[in-house]
Amino acid sequence: MKTVTLEVASAEDVRRRALEAFKGRKQRARISFATPELLWRVLTAKRWELLKAMAGQGPLTIREAARRLHRDVKAVHGDVQALLNAGVLDKTEDGRITFPFDAVRVEFTLRAA
């Protein structure tokens, strides 16, 4: 099973992991957000539904994703653009969208103010 971890991490943490990867040390698939608020702003309930529908399915057209979700194509298109901009989804050369993971793990720590 191919799992991606969505996390809240500092730029320094991301930089450190990138350096480790360049040294040949295997890294888990991660998508990092600067703050928990940004993670939740990007990953709305409708976008979670989209990721769930796309997980492990291979490349899809936006129209096919909308059909599977019983949602309007224009609304799904907006969600796809937000997820592409955040680096959560990828686009194939033929314009299809893909979420190349079977599972999602969310990881962050909430601390007292």
**Study point:** Selection from the range 52-66 of residues that are of a type in the set (Gly, Ala, Ser) and either farther than 10 Å from Ile97 by Cα or part of a loop (DSSP other than H, G, I, E, B) (or both)
**Key:** Ala53, Ala55, Gly56, Gly58, Ala66
**Study point:** Exclusive hit being surrounded by 11 or more Cβ atoms within 10 Å (Cβ to Cβ) and under 19 Å from Gly95 (Cα atoms), set Arg16, Arg67, Arg41
**Key:** Arg67
Exercise for review: Could you give me the residue pairs with C-beta distances under 6 Å whose first residue belongs to the range 44-65 and is over 14 Å from Lys2 (Cα atoms) and in contact (Cβ under 8 Å) with a residue 24 or more places away in the chain, whose second residue is among the polar types (S, T, N, Q) and not in a helix (DSSP H, G or I) wherever it lies, and which are 6+ apart or on separate chains?
Suggested key: Pro59/Thr92; Pro59/Thr98
Check your understanding: Can you tell me which of Leu83, Leu89, Leu38 is modelled with pLDDT under 90 and not small (Gly, Ala, Ser)?
Key -> Leu38
Check your understanding: What about Arg41, is it part of a helix (DSSP H, G or I) and either of a type in the set (Val, Ile, Thr) or within 29 Å of Thr109 (Cβ to Cβ) (or both)?
Key -> yes
Exercise for review: Any residue in the range 67-79 that's touching a residue at least 40 places away in the same chain (Cβ under 8 Å) and outside any loop (DSSP other than H, G, I, E, B): show its pairings with residues that are surrounded by fewer than 16 Cβ atoms within 10 Å (Cβ to Cβ) and among the hydrophobic types (A, V, I, L, M, F, W, C) at Cβ separation under 8 Å, as long as the two are six or more apart or on different chains.
Suggested key: none
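Hey, among Arg105, Arg68, which residue is among the charged types (D, E, K, R), within 14 Å of Met54 (Cβ to Cβ) and under 19 Å from the mean Cα position of the chain (by Cα)? Lay out the reasoning, then the answer.
Numbers: Arg105 fails: within 14 Å of Met54 (Cβ to Cβ).
Just one listed residue meets the conditions, Arg68.
The values are calculated or read from the model by the stated rules, or taken from the named source; none is laboratory data. The model shown is predicted, which means the values in this text are computed figures rather than measured ones. No Cβ is skipped: glycine too gets one built from the backbone with ideal geometry, and neighbour counts run over all protein chains shown.
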